[in-house]
Amino acid sequence: MFCDLSIVDAAAGLRRRDFSARELVGAHVEAMEALNPALNAFITQTPELAMRQADAADAALAAGNAGPLAGIPLAIKDLFCTAGVRTTAGSRILGNFVPPYESTVSGQLLRDGAVFLGKANLDEFAMGSSNMTSAYGSVQNPWQRLGSNTALVPGGSSGGSAAAVAARVAMGSTGTDTGGSIRQPASFCGIAGIKPTYGRCSRWGIVAFASSLDQAGAFARSVADCALLLGSMAGFDAKDSTSVDRPVPDYVAATWRGVRGLRIGVPAEYRMDGMNPDVEMLWQQGLSWLRDAGAEIVDVSLPHTKYGLATYYIVAPAEASSNLARYDGVRFGVREDGADLIDLYERTRAAGFGEEVKRRIMIGTYVLSAGYYDAYYLRAQKVRALILKDFTDAFSKVDALLTPTTPTGAFAQGEKMDDPVAMYLNDVFTVPASMAGVPGMSVPAGLDAQGLPLGLQVIGRPFDEETVFAVSQVIENAAAFSALPSTRSGA
Amino acid sequence: MGAVIVRRVRARQPGCAPPPIRDPTSMSLDSATVRRIARLARIRLEDGDVPRLQGELNGILQWIEQLNEVDVAGVTPLTGGAQIALRMRADAVTDGGQAEKILANAPDRAGEFFAVPKVVE
C-alpha cells in the first residue's frame, strides 16, 4: 500500500507521522529488489544509501525542519551525476565513472529531503526511443498487451525512470528530454511526465547530449506530483550559462486553476492520414474534456511540423558529436590502449560507444564538416527558427496546445531496431516543442485497443509551466486513468 | 505522419526533388567518405563495418534531405535553445585545488598529471 501512494499524500502522511520515512522507503527498496530483475529499470541500486537518507528524513521530520520532499523515494536517471555514485549514461565508456560532484538538479532534490533509490536505466547517452541502446540491457515496460506476454519497450530515452514509477518501485523520478525522452516514455508507461522550458532547470552535472535541446524534467503518477518535483528541480544556477534567472512559481497551486476561459489550440498538422484510430479518438476525447471544463478549442497551424524530425536529426547529432568528443580515454572513463595517441582515441571510442551513438556521432561529424556545414547544419538552424516562429504565432492566439504524445502505444522489444529512421518517427509529436524550447507534458488519458496506455501532450508558452499543469490536471481529472500495469509492486 | 515521410522520401525520383545545395552526387556517401568521417570522429572502423554504416548513414541523410524543400531565404538561424543572450560572468577564478578529485577517474596518471602514450619521439 505504501507503493501506491502519491507523493503529495505520502508527504502529508509523513508530516502527520502516520508512518515513517524508514517504512515508506523500506517498502520501495523491497519493491526494487523484487521487481528490478524483471524490469532492469535500474543500472545501479543504492538501497543502503536510501535507508540512510530515510533515517535522515525521519530525523528532520521529528525536528520540524524537513524539506518538502523529505523521505520521498525517487529514481534518478543515470545521466545526472551523483557524488560518489557511479554514473554511466547507459554507456560502456562511462562504466567505471564515479562523479566527485552532484548535478545541480539532483542536489536540489537532496536539499529538499528526497531519497534516491538508485540510478535509472536509459538509452546510451539518452540517444533512443526504446531504451534498447543501453549498454546495461533493455528495460521492460511494466505493461503488456492484453492476452500477450511479449516484452514491450518502456520508451526512451528515460525508459528506466518511467518503468520504475509505473511499476510502483519509485514514487517519482528524474528524466531528461532532448526530443521526447520524458514525454514518450511517460505515454508508453501510463504515467505523467513534464519537460519544462529550456533554461528552467540547470543542465550542470547532467551528461550532455545536445546542449541546445537537453532539459531535465520529472516523472510521477500524477500531475500534482510532477509539479511538486519540478518545483524542487527548477531554478537559476550560475553554473549553467543557459539557466534562466526567474522565480520558480508554486506549480502545485497552478494545478488547481482549471481551464475556464483558456484557449486551447489544436494544430492541424498533427492530424495525419493513417493516424492510429485509438490515438485520434483519445485526442478528440481530450478536447471535449477541456471544452466541458470551460476551455475554448481553437484550430491553429504549425506549418513546419513535418520538418521537425529531420531538423532534429541534424542539430542533435551535430551537438552530440561535439559533446561526446570528451570521451577519449584520457581523463575519465574506459581506455583501450593503442599504438599511439590517435590509435588510443579511436580504439577507446570504437569499444566504448554503442552502434546508435556511433551513428549519431558520425552524422554529426559529417554535417559539421567543411563543405557541408551550410547545406545541413546552417539550413537546419534556419528551419528550427521557422519551427519556433510557428509556436510563437500559435501562442499569440491560444494559451496552450493539445496533441497526442506518440503515434502509437508501446512497441515490442527488438521492433524498429534495423531501421533508424522508423525508430526516429516515434518522436514526431514531441520533437517540435523541443526544437522550440517550449514546455510539454504527457498525461495518461486512456488505453488503446491492445490495453496499452496512451498519453496526451499539453504544450505551453515558454516559462508558462503553470498553464501546462492546469490543463494537464483537468485532463487527469476527466480521464480518471486507473488502469494498472501487470508488473507492479503489490500485484 | 511517419509513414508519410518515409513514403515520400523513398518514392522520390531523382530530378523531382528540389535541387540540393551542392552537387547531388556528393549527398550520397561513398565508402571512402564513411572512413574519412570515422577518422574525423576518432572512431576506429573495421573493414566489415563500412558497408553497413554506409547504408545506414545514407538512409538517414536521404531522409533529412527533405529540408531542401523549405524556403529559408532571409531566415536568421536559431543557434540556441533559449531565446536569450548568454549571460557573461566575471573573469575570475572560482574553483581549483582539486587535483585528486579530478584525477580520481583517470585511466592512467603520473603524479598530478593524466598519463597517455608517448606522442613525441
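No lab work stands behind these numbers, since they all come straight from the coordinates. Remember, predicted model here, so these are calculated numbers, not experimental data. Note that we place each Cβ from the backbone using ideal geometry, even for glycine, and neighbour counts take in every protein chain shown.
The order of A:M417, A:M423, going from fewest to most other C-beta atoms within 10 Å of their C-beta, is A:M417, A:M423. Here is the P(r) of region A:1-127: all C-alpha pair distances, binned every 5 Å from 0, give 2, 12, 21, 22, 19, 13, 7, 3, 1, 0 in whole percents.
With the Cα gyration tensor of chain A in hand, give its eigenvalues times 5 under a square root as the equivalent ellipsoid semi-axes, listed largest first in whole angstrom.
Sorted largest first and rounded, they come to 30, 29, 21 Å.
Each of A:S301, A:S91 was scored by other Cβ atoms within 10 Å of its Cβ. Arranged with the fewest first, they read A:S301, A:S91.
Compute the separation of the alpha-carbon centres of region A:316-343 and region B:42-116 and state it in Å as a whole number. Answer, in whole Å: 10.
Under the rule of -39500 (n - 2.57) per DSSP H run of 4 or more residues, summed and divided by the residues of chain A, what mean residue ellipticity at 222 nm is obtained, to the nearest 500 deg cm²/dmol?
On the way: 16 runs with 183 residues, N = 491.
Estimated from H runs of four or more residues: -11500 deg cm²/dmol.
Under 16 Å between alpha carbons: how many lysine pairs meet that in chain A, if sequence neighbours fewer than 8 apart on the same chain are excluded? Write out the running numbers ahead of the final one.
Numbers: A:K77/A:K119; A:K77/A:K195; A:K306/A:K382; A:K306/A:K389; A:K389/A:K397.
Qualifying lysine pairs in chain A: 5.
If you take the square roots of the eigenvalues of the alpha-carbon gyration tensor of region B:22-119 and sort them as a ≥ b ≥ c, do you get rounded (a/c under 1.5), prolate (a/b over b/c) or oblate? Oblate shape, in that a/c is at least 1.5 and b/c is the bigger or equal ratio. Counting every other Cβ atom within 10 Å of each residue's Cβ, B:F113, A:F395 order from fewest to most as B:F113, A:F395. For B:K101, a cut-off of 12 angstrom between C-alpha atoms picks up these aspartates and glutamates, skipping any fewer than 8 places away in its own chain: B:E112.
For region A:139-267, what does the alpha-carbon gyration tensor say about shape, rounded, prolate or oblate, given a ≥ b ≥ c as the root eigenvalues, a/c under 1.5 as rounded, and a/b over b/c as prolate?
Working: a/c = 1.95, a/b = 1.35, b/c = 1.44.
Cα axes put region A:139-267 in the oblate bin.
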